[in-house]
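So the structure is just underneath, and the comments pick up after that.
The values are calculated or read from the model by the stated rules, or taken from the named source; none is laboratory data. Remember, it's a predicted structure, so these values are computed and weren't measured experimentally. For accessibility, only protein heavy atoms count, side chains too; no ligands or nucleic acids. Shrake-Rupley method; radii C 1.70, N 1.55, O 1.52, S 1.80 Å.
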Amino acid sequence: MKYLIGVILILVNYNCLNAQNCKSIGENLISKIKKTNYKDLLPYYDSKVKKWGLMDRYGNALTEPFEESIYIFKTNLHMTYFITNYKGCDINISYVDMKFSAKKTEKQDDEYCIGEFYKKPTSDYETLKGFTVEPVSIVTLKTEEVEKRGEISKFSKQFKQVNDLFYFNEKWYALAVLKDGSLMGIIDQNGEAIKHFNFNYKKLKQLDYYRGIENNEIWYYYEDLLGNKGFINLFGETIMKGELLSECLFYKDYFCVQKNDVESGVLDLRTLKWIIKPQKERKFQNIIEFGDYGNDYCNYYFIVKEGEEQYLMDVDMKVYKRINTNKK
């Protein structure tokens, strides 16, 4: 019993000391960046130690390089940086009321419940050829318009997956994957593939931001059986056929990094046009964003790699690198 009490006291003291230590570490980090406007705070890469640190947008290093992954510099609605394992601590750095503050990140359980919000469609109907829909009407308060929505409740066993439900010309349609998972198409509720989408694609993915000239069209990224990549709408009209380098594996809101083994570029998903055309010199890796959504401020930066060096580039192709280490 005494041994158990001793262990508990040690753990409590350790946790208290660890919390105090993390607070001190966070305050030390804050002291290095607090004089910098949060809109000017950016990551930089040190190729010698292969880690990222923080600088201002003018290239002055504010901290030592301390993190191997750039993706820990994430922001939310209140301009919070989630910095993981900084000197043994997970720290949130928040910019509130024109001041930075830091606190140790509280550990949360990874478990969550989805049952009340989303029911995964089942494929347990032997006779079902297509899919069934549970309709939901959403009323827009300002215009009092009724938007037709729904959820797929069941689908035929001839398909591996049926999702991305949409309502078009008074009918329900959905993206479907064949049972063996090899081909994709678009079907109606009876399981019939529509014209131009008769399971002749290896990949299909609906676009979120592009709606065509009329602003009400549904477009998809596609890869056909011959390996051709492009964008296609429900009428079979295509854009950028043969121009794309890859699927949009790395995208952030409006932008998509396209790359293969030779070239890379950046695509605007709102216009389906190149912001930065494919090139061999620079290797575009991914996209990060910094900003305060609550104040309508947000900037997007592309992570660029040249040899061992990595740096940021904005949508105007302006480069952001560490210039000196004098500012601490």
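Here are the numbers for this structure:
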item: Cα-Cα over 32 Å, subset of Lys241/Lys280; Lys157/Lys273; Lys160/Lys241; Lys277/Lys321; result: Lys157/Lys273
item: Ser264 accessible area, 1.4 Å probe, all protein chains in place, Å² to nearest 10; result: 0 Å²
item: For Lys51, distant residues with modelled amide H under 5 Å away; result: Asp46
item: ³J(HN,Hα) computed for each position of the stretch 273-289 - Karplus, 6.51 cos²θ - 1.76 cosθ + 1.60, integer Hz, glycine/proline x; result: 10, 6, 7, 10, 5, x, 8, 9, 5, 9, 10, 7, 9, 6, 10, 10, 10
item: Length gained when the stretch Lys51-Val315 is fully extended (0.36 nm per residue, less Cα-Cα span); result: 92.6 nm
item: Residue-by-residue Karplus 3J(HN,Hα) for the stretch 198-209, coefficients 6.51, -1.76, 1.60, Hz, glycine and proline x; result: 8, 6, 10, 10, 7, 9, 9, 9, 5, 7, 8, 10
item: Residue-span extension gain [Lys280 to Lys195] - 0.36 nm each, minus C-alpha spacing; result: 26.8 nm
